[in-house]
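K.L.:
Below is one structure. I have some questions about it.
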């Protein structure tokens, strides 16, 4: 309930300036409640034919859990660089660092009718192409197919495909996302494939290309 209060207060404060964020939607709740939080807002803006991004992190306290409210319309090429700056700031903080503090993305659970969260604290983003080795997953904008080491499969079959192999040691996984993909599509993929984060001991690096 505390989180809904924060949203309500922000909306009332910003109403005159037409501030709004359209959250991504999914049909499952990964994390329902987060306490001791700081909300950060990443807005979708337009100027003429250009899409812009604006970050409001006035309420961000290093020692708390960060909730990133990212507008679902933003393309990854604009959203992820700003998210990387926020991550770097929190990771480099020494004086007020809290090792237990996590970072979460917020989204709307359309089934549970509530705001839900998915952690991304340990994700490292790269604006680049992966080199080689292990499983490389290419997720293209508006596509139901995923390219995995030159084999195309449906996104819904990713986990079944990975677990069909009998590895002696699980290989490293690299996730590559189309830079023009919307943040909503990205988050829906992350929710669908979240088990990949525990496929081996390392959280997959994520590439934006």
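Please treat every number below as a calculation from the coordinates, not as lab data. The structure presented is a predicted model; accordingly, all values stated were derived computationally and were not measured. With ideal geometry, Cβ positions are generated from the backbone for all residues, glycine too; neighbour counts draw on all protein chains shown.
K.L.:
Answer rounded, prolate or oblate for segment 29-118, using the Cα gyration tensor with square roots of eigenvalues a ≥ b ≥ c: rounded when a/c is under 1.5, else prolate when a/b is larger than b/c, else oblate. Don't jump to the answer; show the numbers that get you there.
P.N.:
Details: a/c = 2.43, a/b = 1.18, b/c = 2.06.
The shape class here is oblate.
K.L.:
Tell me the relative contact order for segment 2-119 as a rounded percent, counting alpha carbon contacts under 8 Å between residues six or more apart.
P.N.:
31
K.L.:
Here is a follow-up. Expressed as a whole number of Å, what is the distance separating the alpha-carbon centroids of segment 72-95 and segment 131-209?
P.N.:
21
K.L.:
Oh, and also: In percent, how large is the relative contact order of segment 131-171, given Cα pairs closer than 8 Å and 6 or more residues apart? Provide the component values of the computation, followed by the final result.
P.N.:
On the way: 30 pairs, mean separation 11.2, N = 41.
It comes to 27 percent, rounded to a whole number.
K.L.:
Helix 2-14 versus the longest principal axis of the chain: what is the Cα-based angle in degrees, 0 to 90, to the nearest 10?
P.N.:
Rounded to the nearest ten degrees, it is 60.
K.L.:
Please identify, among 150, 65, 56, the residue showing maximal mean-square fluctuation in a Gaussian network model of the chain using a 10 angstrom Cα cutoff.
P.N.:
The residue that fluctuates most here is 150.
K.L.:
So what's the angle, to the nearest 10 degrees on a 0 to 90 scale, between helix 183-192 and the longest Cα principal axis of the chain?
P.N.:
Long axis of 183-192 versus the principal axis of the chain: about 50 degrees.
K.L.:
Mind ranking 93-100, 26-33 by how tightly packed they are, going by the mean number of other C-beta atoms within 10 angstrom, highest first? Show your work: numbers first, answer last.
P.N.:
Working: 93-100: 9.1, 26-33: 14.5.
Going from most to least packed, we get 26-33, 93-100.
K.L.:
Only helical DSSP H runs with n ≥ 4 go in: add -39500 (n - 2.57) per run for the chain, normalise by residue count and round the 222 nm mean residue ellipticity to 500 deg cm²/dmol.
P.N.:
-6500 deg cm²/dmol
K.L.:
Next question, about the same structure. Under the classification rounded if a/c is under 1.5, otherwise prolate if a/b is larger than b/c and oblate if not, where does segment 125-208 fall, given a ≥ b ≥ c as square roots of the Cα gyration tensor eigenvalues?
P.N.:
Details: a/c = 1.59, a/b = 1.32, b/c = 1.20.
In terms of gyration-tensor shape, prolate.
K.L.:
Relative contact order of the chain, please, whole-number percent, based on alpha carbon pairs below 8 angstrom and at least 6 residues apart.
P.N.:
Values: 372 pairs, mean separation 45.9, N = 209.
Relative CO of the chain lands at 22 percent.
K.L.:
Could you give the angle, 0 to 90 degrees to the nearest 10, between helix 76-92's Cα long axis and the longest principal axis of the Cα atoms of the chain?
P.N.:
Taking Cα atoms only, the helix is inclined about 80 degrees.
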